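Enquirer: Okay, handing you the structure first.
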There are 2 protein chains.
Amino acid sequence: MIIDCHGHYTTAPKEIEAYRQKQIAELKESPGSRSKGTISISDDQIRESIDKAQLKLQRERGTDVTIFSPRAAGMGHHIGDATTSLHWSQVCNDLIHRVCTLFPQNFVGVCQLPQTPGVPPANCIPELERCVKEYGFIGCNLNPDPSGGYWKDPPLTDKWWYPIYEKLVELDVPAMIHVSMSCNPNFHTTGGHYINGDTTAFMQLITGDLFKDFPGLKFIIPHGGGAVPYHWGRYRGIAQDLKKPLLKDHLLNNVFFDTCVYHQPGIDLLFKVIPADNILFASEMVGAVRGIDPETGNYYDDTKRYVEALALSPENRQKVFEGNARRVYSRLKNKIPAGR
Amino acid sequence: MIIDCHGHYTTAPKEIEAYRQKQIAELKESPGSRSKGTISISDDQIRESIDKAQLKLQRERGTDVTIFSPRAAGMGHHIGDATTSLHWSQVCNDLIHRVCTLFPQNFVGVCQLPQTPGVPPANCIPELERCVKEYGFIGCNLNPDPSGGYWKDPPLTDKWWYPIYEKLVELDVPAMIHVSMSCNPNFHTTGGHYINGDTTAFMQLITGDLFKDFPGLKFIIPHGGGAVPYHWGRYRGIAQDLKKPLLKDHLLNNVFFDTCVYHQPGIDLLFKVIPADNILFASEMVGAVRGIDPETGNYYDDTKRYVEALALSPENRQKVFEGNARRVYSRLKNKIPAGR
């Protein structure tokens, strides 16, 4: 079985964007007057939006299950306030639940959190619990920069984040560390902010000792870990200068990387420096890059081809395509039993 | 000859730090009362600070010339105002000039610019001209984020920067795009902010068309290009989605990467995806990582070893170690004649 741990509902029906635009327009009114409102999308609309996109790509590329979350760039935590984020997250997560209910063999849910800049992330706990307990979601996306490119909240190692970590550990669900859209003109969202967010988060974890306090906490750093594997020597060296343990002991019991790296040399490097136990297959489809690479004739984000071109042992191949995802997302077995 | 294009005076005598602290203390006084002041460092102090550090490493590692600039983390453009930055830059650049005068065979100067957040970078032109024309410096460090981690000024493709680009082209000197210290607790300076700065700058250049306006402008992206070579497929794919030309045509006539990547697999990747014409040898010594890699027994930043382990043709080897630096830093020949 091939599990893709990083897919977003980037192809959702246009009603979701209309809802969001209405919500943003209503921000100009007084907070008291805002209601969550409703959104009308039929099952057929959802089926069509998935069938011709993510499901089509699953079939064509030969993957089985996608761990699926709302569009990351669309989380937009910097917009409005905590009420805005809560309503928007509930609507987005409900929609993911409907996808997973309509296609229970193909999609398993991961939730967006109702984060807001300057608001303690503890306020995300009810929505996290709702999604895990009521919907059977198996993880969440945690935005290390709800300000959208101005990095105003404390780093991930700060106690600011501890209440949500306690809940993640209690529920035994991992968080993918994933920023949202950039509203800073310096950062292109998918080419600058996403990659910087990954790099930044990992370096924060090096400087702290977060996993001493939370040995059961699990983070996935997407996009192949940002710049981290390419600069693995730099990070080992900085950790050493900071008198931290070896990175494998300091972080690699808790931190995992996905394979969203869109060319063979990048994937080769990832597997050369990061242990196979810490790599989860992913493609981020339908996502940041949608074209066909003229150098290969294949989609840039068809990452399965790159992984299959590696000389992996059968054991490591199984780990990367399935076993690690089952270990990190321990609740996955409730939705997709092993050996299906 | 082996030219290292990226070295900072990180070992300067302690008087320079005392000067800076006094300058910062004086910021509390009214701007009118501030004077540039003086700094007293003897030639012997400079000789000693270099001889036992950068020069010792040159000898031990077998490199010949270092293109040398003030400590990048020390630029601290976010501190004080334009007067603060001007005085500080002049003092730092004067010190680099003294190093280069004392060791004319080993060090060639690159200047710090007196940038200040919110102040048009055109105000850096006099200091750039002073360093190039009076001191014979061959380039400058350009900080894409003078705010030190809050990214408040316009992206590098904005006309905000055009006056300094015009002067760079007129003088025919390149800029290394190099951030300074991070004052944002989210970003570790050398492990987060530096690498993000590199990635961010390259992605800004993808989205713009800067080199149509400045075909003679040359940028060096340090630290192996941040995350860029590792995600070369992503960047090629994003450029394609944005209807930009192939990266080799869009950027690689003007953008160069250094080899400050501190492990063999990273260097292998860099040379696999980036043409040899666009790679300049560098070690960033004495810099971000100062330890010995227990996996190799050598210094992490002894990048010459990694480059020498590659199967480069003699022609490409000469380009990377010398020829590209001479091409990009065209004024280098005035200081270090070819065939010395």
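Enquirer: Could you check region A:89-113 and list, in sequence order, the residues that are among the aromatic types (Phe, Trp, Tyr) and part of a loop (DSSP other than H, G, I, E, B)? Walk me through it before giving the result.
Expert: Kept after step one, since they are among the aromatic types (Phe, Trp, Tyr), are these residues of region A:89-113: A:103, A:107.
Listed by number, the list holds a single entry, A:PHE103.
Enquirer: In addition: Go through (1) open to solvent by less than 60 Å² (accessible area, probe 1.4 Å); (2) modelled with pLDDT under 95 and name the single condition A:VAL65 misses.
Expert: Condition (2) is where A:VAL65 drops out.
Enquirer: Same structure, new question: Being within 13 Å of chain B (Cβ to nearest Cβ), buried (at least 22 other Cβ atoms within 10 Å of the Cβ) and charged (D, E, K, R) is the requirement here; does A:ASP293 meet it?
Expert: Working: within 13 Å of chain B (Cβ to nearest Cβ): yes; buried (at least 22 other Cβ atoms within 10 Å of the Cβ): no; charged (D, E, K, R): yes.
Considered against the rule, which asks whether it is within 13 Å of chain B (Cβ to nearest Cβ), buried (at least 22 other Cβ atoms within 10 Å of the Cβ) and charged (D, E, K, R), A:ASP293 comes out as no.
Enquirer: In contact with a Phe, Trp or Tyr (Cβ under 7 Å, 6 or more places away or on another chain), within 10 Å of another protein chain (Cβ to nearest Cβ) and not in a strand (DSSP E or B) - does that describe any residue in region B:245-256?
Expert: no
Enquirer: If B:ASP153 satisfies every condition in (1) out of contact with any helix residue (DSSP H, G or I) (no Cβ under 6 Å at 6 or more places or on another chain); (2) within 29 Å of B:ASP64 (Cβ to Cβ); (3) surrounded by 23 or more Cβ atoms within 10 Å (Cβ to Cβ) but one, which is the exception?
Expert: (2)
Enquirer: Looking at region B:261-290, which of its residues are within 12 Å of chain A (Cβ to nearest Cβ), part of a loop (DSSP other than H, G, I, E, B), over 20 Å from B:VAL179 (Cβ atoms) and among the hydrophobic types (A, V, I, L, M, F, W, C)?
Expert: B:ILE274
Enquirer: Can you spot a residue in region A:12-25 that is among the small types (Gly, Ala, Ser), within 30 Å of A:ASP153 (Cα to Cα) and in contact with a Phe, Trp or Tyr (Cβ under 8 Å, 6 or more places away or on another chain)?
Expert: no
Enquirer: Also, I was wondering about something else. Could you please find all residues in region A:269-314 being closer than 21 Å to A:VAL255 by Cβ and touching a Gly at 6+ places or on another chain (Cβ under 6 Å)?
Expert: Passing the criteria: only A:LEU270.
Enquirer: Ok, one more. Any chance region A:253-264 includes a residue that's surrounded by fewer than 17 Cβ atoms within 10 Å (Cβ to Cβ) and not small (Gly, Ala, Ser)? Even if it seems obvious, please write down each step before you answer.
Expert: Applying the first criterion (surrounded by fewer than 17 Cβ atoms within 10 Å (Cβ to Cβ)) to region A:253-264 yields A:253.
Those still in the list that are not small (Gly, Ala, Ser) too: A:253.
Checked region A:253-264: at least one residue is surrounded by fewer than 17 Cβ atoms within 10 Å (Cβ to Cβ) and not small (Gly, Ala, Ser).
Enquirer: Considering region B:305-317 alone, what residues qualify as being more than 14 Å from chain A (Cβ to nearest Cβ) and surrounded by 15 or more Cβ atoms within 10 Å (Cβ to Cβ)?
Expert: Narrowing region B:305-317 to residues more than 14 Å from chain A (Cβ to nearest Cβ): B:308, B:311-317.
Passing the criteria: B:LEU312, B:ASN316, B:ARG317.
Enquirer: I've got another one for you. Restricting to region A:223-234, name every residue that is more than 26 Å from A:GLU308 (Cβ to Cβ) and touching a Pro at 6+ places or on another chain (Cβ under 9 Å).
Expert: Listed by number, the list holds a single entry, A:GLY233.
Enquirer: Something else: Failed condition for B:ALA288, given (1) open to solvent by 40 Å² or more (accessible area, probe 1.4 Å); (2) modelled with pLDDT under 95, with all others met?
Expert: (1)
Enquirer: Among the residues that make up region A:313-325, is at least one of them touching a strand residue (DSSP E or B) at 6+ places or on another chain (Cβ under 8 Å) and of a type in the set (Gly, Ala, Ser)?
Expert: Among the residues of region A:313-325, at least one is touching a strand residue (DSSP E or B) at 6+ places or on another chain (Cβ under 8 Å) and of a type in the set (Gly, Ala, Ser), which makes the answer yes.
Enquirer: I need a count of the residues in region A:242-268 that are in contact with a helix residue (DSSP H, G or I) (Cβ under 9 Å, 6 or more places away or on another chain) and of a type in the set (Asp, Glu).
Expert: 2
Enquirer: Report the residue count in region A:168-196 for those that are within 30 Å of B:TRP160 (Cα to Cα), assigned to a loop (DSSP other than H, G, I, E, B) and not aromatic (Phe, Trp, Tyr).
Expert: We begin by selecting, within region A:168-196, every residue within 30 Å of B:TRP160 (Cα to Cα); these are A:179-196.
Narrowing the set further to residues that are assigned to a loop (DSSP other than H, G, I, E, B) leaves A:179-188.
Right, trim to not aromatic (Phe, Trp, Tyr) and you get A:179-186, A:188.
The qualifying residues number 9.
Residue-by-condition table, conditions (1) outside any loop (DSSP other than H, G, I, E, B); (2) within 14 Å of another protein chain (Cβ to nearest Cβ); (3) touching a residue at least 60 places away in the same chain (Cβ under 8 Å):
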position	(1), (2), (3)
B:GLN115	no, no, no
B:VAL119	no, no, no
B:GLU127	yes, no, no
B:LYS133	yes, no, no
B:GLY136	no, no, yes
B:ASN141	yes, no, yes
B:SER147	no, yes, yes
B:LYS152	no, yes, no
B:THR157	no, yes, no
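One line per residue, one yes/no per condition, for (1) among the aromatic types (Phe, Trp, Tyr); (2) assigned to a helix (DSSP H, G or I); (3) free of Cβ contacts under 8 Å to residues at least 60 places away in the same chain:
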residue: B:HIS6; (1), (2), (3): no, no, no
residue: B:THR11; (1), (2), (3): no, no, no
residue: B:TYR19; (1), (2), (3): yes, yes, no
residue: B:THR66; (1), (2), (3): no, no, no
residue: B:HIS77; (1), (2), (3): no, no, no
residue: B:HIS87; (1), (2), (3): no, yes, no
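Enquirer: For region B:184-193, which positions are more than 7 Å from chain A (Cβ to nearest Cβ) and either open to solvent by 10 Å² or more (accessible area, probe 1.4 Å) or modelled with pLDDT under 95 (or both)? Walk me through it before giving the result.
Expert: Here is the first cut: in region B:184-193, the ones more than 7 Å from chain A (Cβ to nearest Cβ) are B:189, B:193.
Selection gives B:THR189 alone.
Enquirer: Among the residues of region A:21-51, write down those that are over 22 Å from A:VAL110 (Cβ atoms) and either in contact with a helix residue (DSSP H, G or I) (Cβ under 6 Å, 6 or more places away or on another chain) or not in a helix (DSSP H, G or I) (or both).
Expert: Matches in region A:21-51: A:LEU27, A:LYS28, A:GLU29, A:SER30, A:ARG34, A:SER35, A:GLY37, A:THR38, A:SER40, A:SER42.
Enquirer: Continuing with this model, one more query. Got at least one residue in region A:25-42 being surrounded by 12 or more Cβ atoms within 10 Å (Cβ to Cβ), over 21 Å from A:CYS140 (Cβ atoms), of a type in the set (Asp, Glu) and out of contact with any Cys (no Cβ under 8 Å at 6 or more places or on another chain)?
Expert: The answer is yes, given that some residue of region A:25-42 is surrounded by 12 or more Cβ atoms within 10 Å (Cβ to Cβ), over 21 Å from A:CYS140 (Cβ atoms), of a type in the set (Asp, Glu) and out of contact with any Cys (no Cβ under 8 Å at 6 or more places or on another chain).
Enquirer: Could we say that B:ASP213 is more than 14 Å from chain A (Cβ to nearest Cβ) and in contact (Cβ under 8 Å) with a residue 40 or more places away in the chain here?
Expert: Details: more than 14 Å from chain A (Cβ to nearest Cβ): yes; in contact (Cβ under 8 Å) with a residue 40 or more places away in the chain: yes.
The answer is yes for B:ASP213.
Enquirer: Could you tell me which numbered condition A:ARG236 fails, if it satisfies all but one of (1) of a type in the set (Lys, Arg); (2) in contact with a helix residue (DSSP H, G or I) (Cβ under 9 Å, 6 or more places away or on another chain); (3) within 12 Å of chain B (Cβ to nearest Cβ); (4) over 28 Å from B:TYR235 (Cα atoms)?
Expert: Answer for A:ARG236: the failing condition is (4).
Enquirer: Any idea which of A:VAL307, A:VAL328, A:VAL273 is in contact with a Leu (Cβ under 9 Å, 6 or more places away or on another chain) and among the β-branched types (Val, Ile, Thr)? Give the steps one after another, and end with the answer.
Expert: Details: A:VAL307 fails: in contact with a Leu (Cβ under 9 Å, 6 or more places away or on another chain); A:VAL273 fails: in contact with a Leu (Cβ under 9 Å, 6 or more places away or on another chain).
Going through A:VAL307, A:VAL328, A:VAL273 in turn, just one is in contact with a Leu (Cβ under 9 Å, 6 or more places away or on another chain) and among the β-branched types (Val, Ile, Thr): A:VAL328.
For (1) closer than 21 Å to B:CYS183 by Cβ; (2) open to solvent by less than 10 Å² (accessible area, probe 1.4 Å); (3) modelled with pLDDT of 95 or more, each residue gets a yes or a no:
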position	(1), (2), (3)
A:GLY148	yes, yes, yes
A:ASP158	yes, no, yes
A:VAL173	no, yes, yes
A:SER182	yes, no, yes
A:GLY197	yes, yes, yes
A:PHE211	no, no, yes
A:LYS218	no, no, yes
A:GLY224	no, yes, yes
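Enquirer: Which of the residues spanning region B:182-196 are under 17 Å from A:LYS152 (Cα atoms) and within 15 Å of the chain's Cα centre (by Cα)? Show your work before the answer.
Expert: Pass one, region B:182-196, residues under 17 Å from A:LYS152 (Cα atoms): B:182-189, B:192-193, B:196.
Matches in region B:182-196: B:THR189, B:HIS193, B:ASN196.
Enquirer: Can you pull out every residue in region B:226-244 that is open to solvent by 40 Å² or more (accessible area, probe 1.4 Å) and part of a helix (DSSP H, G or I)?
Expert: Once the filter is applied, which keeps residues that are open to solvent by 40 Å² or more (accessible area, probe 1.4 Å) and part of a helix (DSSP H, G or I), region B:226-244 yields B:GLN240, B:ASP241.
The values are calculated or read from the model by the stated rules, or taken from the named source; none is laboratory data. This structure is a prediction, so every number in the text was calculated from the model and none was measured. No Cβ is skipped: glycine too gets one built from the backbone with ideal geometry, and neighbour counts run over all protein chains shown. Ligands, DNA and RNA are stripped out before the accessible areas are found, and what is left, the full protein with its side chains, is counted by its heavy atoms. Shrake-Rupley method; radii C 1.70, N 1.55, O 1.52, S 1.80 Å.
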